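Here the structure comes first, spelled out in structure tokens, and everything after it is commentary.
Where a number appears in this text, it was derived from the coordinates with a stated rule and is not lab data. Not measured: the values here are computed from a predicted model. A quick note on method: Cβ atoms are made from the backbone with ideal geometry, for glycine too, and the neighbour counts reach across all protein chains shown.
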Ligand SMILES: CC(C)(COP(=O)(O)OP(=O)(O)OC[C@H]1O[C@@H](n2cnc3c(N)ncnc32)[C@H](O)[C@@H]1OP(=O)(O)O)[C@@H](O)C(=O)NCCC(=O)NCCS
């Protein structure tokens with residue numbers, strides 16, 4: 001044993017819900033995630049992702065996914081980070097739930113995106129895993145708002161957002177498979193969160209706070225409207241803000 005600081009504290013982070021464990025991606029887990037992608041994420045006639053990564057040649061799909069997830073790890077910094085949580089049910093990876101932020105210490109905003117293997121959909125897991133990262137962001141990182149986006153026709157994603165308290169926040173037209181398509185932005189303010197009857201269990205966060213530009217504060221209990229005290233975390237230098245991310249898992253090719 002040495003006294004060196006932990007190089008990758010995200011290794012110890014875990015979020016637990018009644019049925020799911022969410023941990024930042026690791027290579028063994030990514031192998032299982034790639035398997036889910038090969039088994040299918042959506043009907044072929046649909047495309048829920050702005051970056052149509054599931055249209056990739058099957059020969060490239062798995063490696064493209066790995067490159068995407070690795071790139072997010074490599075570029076993680078307090079000024080701009082993405083945690084791609086692998087979502088496990090009964091010990092097996094069933095999908096991924098992304099959480100990202102830019103200048104979190106000042107903006108205190110997060111963006112989410114997610115997908116599940118088709119065979120695991122419509123069992124409430126999509127709602128449960130989004131709830132997990134929202135509770136993590138609002139109650140443990142002291143975020144004040146969360147954003148998401150989905151194509152107008154993506155009923156499942158919009159239904160999850162509605163259930164959790166998001167409101168629509170405008171639209172934009174994006175090109176999907178060569179066709180103009182309406183993308184709907186969604187916004188969730190901390191005081192509007194619809195809370196589940198369970199409480200998220202978080203382990204291993206303390207060592208990660210500096211990496212995420214998050215305050216060294218204890219777990220925050222749900223506060224009432226208007227209680228929005230100043231954030232005391234590190235003040236990262238300003239970073240150009242990317243567009244709101246639409247969905248997680250958009251590989252590099
Ligand atoms: C979006 C997604 C993560 C939701 O996860 P899920 O586990 O299937 O959703 P849930 O089981 O929690 O269902 C949430 C609600 O959506 C509804 N729903 C789910 N799939 C649906 C479908 N295909 N058609 C209509 N409604 C659907 C559920 O009935 C439920 O509604 P309710 O709250 O009224 O009961 C998942 O469907 C998915 O991975 N889809 C493909 C990728 C994708 O679209 N990602 C998001 C891109 S923005």
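Working from Cα pairs under 8 Å separated by at least six residues, relative contact order for the stretch 9-212 is 26 percent. Taking each residue as 0.36 nm, the span from residue 38 to residue 90 lengthens on full extension beyond its C-alpha to C-alpha distance by 16.7 nm. Once C-alpha pairs closer than 8 Å and six or more residues apart are averaged by separation and normalised to the residue number of the stretch 1-82, the relative contact order reads 17 percent. Can you tell me the convex hull volume per residue for the stretch 1-100, based on C-alpha atoms, in Å³ to the nearest whole number? Considering the Cα atoms of the stretch 1-100, their hull volume per residue is 140 Å³.
Cβ-to-Cβ counts within 10 Å put 103, 26 in ascending order as 26, 103, the fewest first.
Estimated from the Cβ-Cβ distance and a Förster radius of 22 angstrom, the FRET efficiency linking residue 156 and residue 77 is about 0.10.
Multiplying the sequence separation of residue 12 and residue 169 by 0.36 nm and subtracting their Cα-Cα distance, what value in nm do you get?
Full extension of this stretch gives 53.0 nm more.
Over all directions, the projected convex hull of the C-alpha atoms in the stretch 47-155 averages 7.9 nm² in area.
Taking other C-beta atoms within 10 Å as the exposure proxy, 31, 73 rank 31, 73 from fewest upward.
From most to least packed by mean Cβ count within 10 Å, the peptides 168-175, 198-205, 114-121, 42-49 give 114-121, 198-205, 42-49, 168-175.
Evaluate the Debye formula for the stretch 115-217 with equal point scatterers sitting on the alpha carbons, no solvent, and hand back log10 of I(q)/I(0) at q = 0.14, 0.20, 0.24 Å⁻¹, in q order, two decimals. For the stretch 115-217 at q = 0.14, 0.20, 0.24 Å⁻¹, log10 I(q)/I(0) is -0.65, -1.09, -1.28.
Simple spin-label estimate for residue 203 and residue 59 gives 4.3 nm between the two label positions (7 Å along the Cα-to-Cβ direction from each Cα).
Taking N as the residue count of the stretch 9-212, its C-alpha radius of gyration divided by 2.2 N^0.38 Å amounts to 0.98.
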